[in-house]
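The structure under discussion appears below in the form of structure tokens.
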Amino acid sequence: MKLLHIGFSNVVSLDKIVAIISPDSAVAKRIREVARDKNSLIDCTMGRKLRSMILTDSEFTFLSSLRTEALLQRVDQSIENDKDQLSHD
């Protein structure tokens, strides 16, 4: 199982991630409010500014203080590492 570090020693399973979005749009704000109402919102910002939202297939929404671009780079690096390991085997 591959994990994505989303800040402050918090990780999310890469297999469960559906989307990583910016929290600034009206739709993102609505998603955040719905998740809060359903008690499926997990705040991993540790009081810092919200910079990205991670949506999962298990209806949980994670809030992160890392930029969306930084999280996507981590996902890309993980995929590259998988490809390298497969080519060496």
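Each value in this text was obtained by applying a stated rule to the coordinates, not by laboratory testing. Since the structure is predicted, the reported quantities are computational estimates derived from the model, not experimental observations. Ideal geometry is used to build each Cβ from the backbone, glycine not excepted, and the neighbour counts take in all protein chains shown.
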Of the listed links Lys16/Lys83; Lys16/Lys38; Lys29/Lys49; Lys29/Lys83, those spanning more than 26 angstrom between alpha carbons are Lys29/Lys83
I need to check one value: relative contact order of the chain, counting alpha carbon pairs closer than 8 Å and at least 6 residues apart, in percent. 29 percent
In debye, nearest 20: dipole of the chain around its Cα centre with unit charges on the Cβ of K, R (+) and D, E (-)? 520 debye
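Give me the orientation-averaged projected area of the Cα convex hull of the range 3-88, in nm², one decimal.
Dividing the Cα hull surface by four gives the mean projection, 5.8 nm².
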